[in-house]
Amino acid sequence: MSSSVVISGSGLWTPEYSVSNEELVDAYNGYAEQFNLTNKDAINSGEVAAKPFSSAEFIEKASGICSRYTYIKDGILDIHRMRPLIPQRNEDELSDQAEIAIHAAKSALKSANKTADDIDVVIVACAYTQRSYPAIAIEVQEALGIKGFGFDMLVACSAATFALHRAYEMLAAGTAKSVLVVNPELTSPQVNYCDRDSHFIFGDVATAVVVENKETVTSEHAFEILSTKAVTQYSNNIRSNFGYVSRANDSDPFAADKLFHQAGRKVFKEVCPMAAEHITEHLARHQLTSEQVNRWWLHQANINMNTLITRKLLGREPSKQEAPIVLDTYANTASAGSIIAFNLYHQDMQAGDYGLLCSFGAGYSIGSLVLKKL
């Protein structure tokens, strides 16, 4: 029964605002200069560490990122604020995250030739939700006029693939007829724009995917999900400590540990071999080798990670067509990165071609799907 589950459409919403490396560096260096002057005595005595300066070249070399999109640009480049200025909406207004989710969802429904009446489950899966309840998924469901149920999933950068796993399982079990998976990645509020090593990493975006049974597919570009594979292994190397208990801790909500932070070198060293092994084992389940995979839609975190993983898998440098990169303009969009790559680079594939969709991130968590073009 699992062989009849298909991805029949995908959608992508890109924010209208973009921030270049140069803009981001100018703001960060201005902040760093101000910080170092203000804390000169403490820095000289060794009580406080001076803020190092950055450059656009450093960012591109370290990550492959040249720019990123952002939901709201105001405030990010203000050295006296260093965070986006997102006005709070009233409780009777559509939330920011639901709004961007709906843009991507409508695009995915159109791509799949589906209407709200065809969908009975909505999953919103992302790294962060802007509130705990009511679920963003149920808000999206209501706004789109979908009957059935919805729920939120938080699995950091693997949220999109893990949600696709749930959709696949529901369809295989016959408990759903068509599932809409949406990834509204509003990451900018969790970025520490005052930290040289992480202020450039993330961008905002929303993606969506429609999953249904093969028998009901009417779209032109559809992919059969041959199987899914997931693994998690606890690690503290990627973390954010912000949560509802922070209020009871009497802790500073603006403290660096409440925002995204990571031990980047450890993550690189540990996740790359873990992801390569995971993918190899998943392909072997279908008697496939890496050379038989026509398209790699990998998590878009860091160009050096993607290059190392694909080299391990292929024994050579992949072509841009084989393993498309979108992080140069989108940056790391948490769970949405591999879905952006899929959305932008799948229509040229031929019937019978194989593709591998994979994400990896905090947890650690890795989720993959082996796909075959119908």
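The values are calculated or read from the model by the stated rules, or taken from the named source; none is laboratory data. It should be emphasised that the depicted structure is a prediction, and the values quoted were computed from it without experimental measurement. Cβ sites come from the backbone with ideal geometry, for glycine too, and all protein chains shown count toward neighbours.
Of note:
- Taken across the range 196-216, residues that are of a type in the set (D, E, K, R) and either crowded, with 24+ Cβ neighbours inside 10 Å or under 17 Å from the mean Cα position of the chain (by Cα) (or both) do occur, with at least one present.
- Matching helices (runs of 4 or more DSSP H) fully within the range 1-112 where at least 3 residues are over 24 Å from Pro324 (Cβ atoms): 21-38, 40-45, 96-111
- Members of the range 273-320 found to be farther than 15 Å from Gly367 by Cα, touching a strand residue (DSSP E or B) at 6+ places or on another chain (Cβ under 9 Å) and β-branched (Val, Ile, Thr), listed by number: Val293, Thr310
- Selection status of Ser359, in contact with a strand residue (DSSP E or B) (Cβ under 6 Å, 6 or more places away or on another chain) and either over 27 Å from Phe202 (Cβ atoms) or not basic (Lys, Arg) (or both): yes
- Index of the failed condition, Glu220 passing every other in (1) modelled with pLDDT of 95 or more; (2) out of contact with any Phe, Trp or Tyr (no Cβ under 6 Å at 6 or more places or on another chain): (1)
- One residue stands out among those in the range 161-193 that are under 14 Å from the mean Cα position of the chain (by Cα) and more than 30 Å from Glu22 (Cβ to Cβ): the one that is surrounded by the most Cβ atoms within 10 Å (Cβ to Cβ), which is Val182.
For (1) closer than 12 Å to Cys126 by Cβ; (2) modelled with pLDDT of 95 or more; (3) out of contact with any Asp or Glu (no Cβ under 9 Å at 6 or more places or on another chain), each residue gets a yes or a no:
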position	(1), (2), (3)
Ala156	yes, yes, yes
Lys177	no, yes, no
Val191	no, yes, yes
Cys194	no, yes, yes
Glu215	no, yes, yes
Glu224	no, yes, yes
Ser235	no, yes, no
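- Against the list (1) in contact with a Lys or Arg (Cβ under 9 Å, 6 or more places away or on another chain); (2) under 19 Å from Val191 (Cα atoms), the condition Asn36 fails is (2).
- Meets criteria (on the phi < 0 side of the Ramachandran plot, under 16 Å from the mean Cα position of the chain (by Cα) and of a type in the set (Ser, Thr, Tyr)) for Ser158: yes
- Top-ranked residue of the range 66-114 - restricted to ones that are basic (Lys, Arg) and surrounded by 21 or more Cβ atoms within 10 Å (Cβ to Cβ), ranked as farthest from Tyr17 (Cα to Cα): Lys114
- Every condition in (1) charged (D, E, K, R); (2) farther than 24 Å from Ile7 by Cβ; (3) surrounded by fewer than 13 Cβ atoms within 10 Å (Cβ to Cβ) is met by Asp117 except one, and the failing one is (2).
- Residue within the range 282-289 that is in contact with a helix residue (DSSP H, G or I) (Cβ under 9 Å, 6 or more places away or on another chain) and of a type in the set (Gly, Ala, Ser) present: no
- Thr228 vs. criteria under 28 Å from Gln141 (Cα atoms) and in contact with a helix residue (DSSP H, G or I) (Cβ under 8 Å, 6 or more places away or on another chain): yes
- Within the range 247-258, being over 13 Å from Asp197 (Cα atoms) and surrounded by 12 or more Cβ atoms within 10 Å (Cβ to Cβ) holds for Ser251, Phe254, Ala255, Asp257, Lys258.
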